[in-house]
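Single-structure report; data block below.
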Amino acid sequence: MNETIFCPKCGSVMIPKKSDKKTYLVCPSCGYTDKKNKAVLEESKESKKEEISIIDEKETAQAALPKVEIECPRCHNKEAYFWTVQTRASDEAETRFYRCTKCNHTWREYS
């Protein structure tokens, strides 16, 4: 069980420091060294971590958006993702944004 040890002079958390093949507790704030403390200091080894695959956030977020049939003003594709954002006062309508599924052109429409 790890026990937190505080510096008796300034109250900061003391950290372990190796010196002369022994481990002492040292205060990073005031430099106090406690060589008498017989606290158990555990060494932990890092275990090999699982490999994490990286997901393209833009593609993942875009794939989660709903699609609607609307013509892209740039490439004339007939399908786009859409989302809404409250860009003006709360008593006014939301702004609807579209992103073409083919060319990724983004445009907006005010309701």
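Where a number appears in this text, it was derived from the coordinates with a stated rule and is not lab data. Computed from a predicted model, the values in this text were never measured in an experiment. No Cβ is skipped: glycine too gets one built from the backbone with ideal geometry, and neighbour counts run over all protein chains shown.
Below, the figures for the structure above:
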| read-out | value |
| --- | --- |
| Ordering of 16-23, 77-84, 66-73 by burial proxy (mean other Cβ atoms within 10 Å per residue, highest first) | 77-84, 66-73, 16-23 |
| Two-site label geometry, W83 and R96: point separation in nm, points 7 Å out along Cα→Cβ | 1.7 |
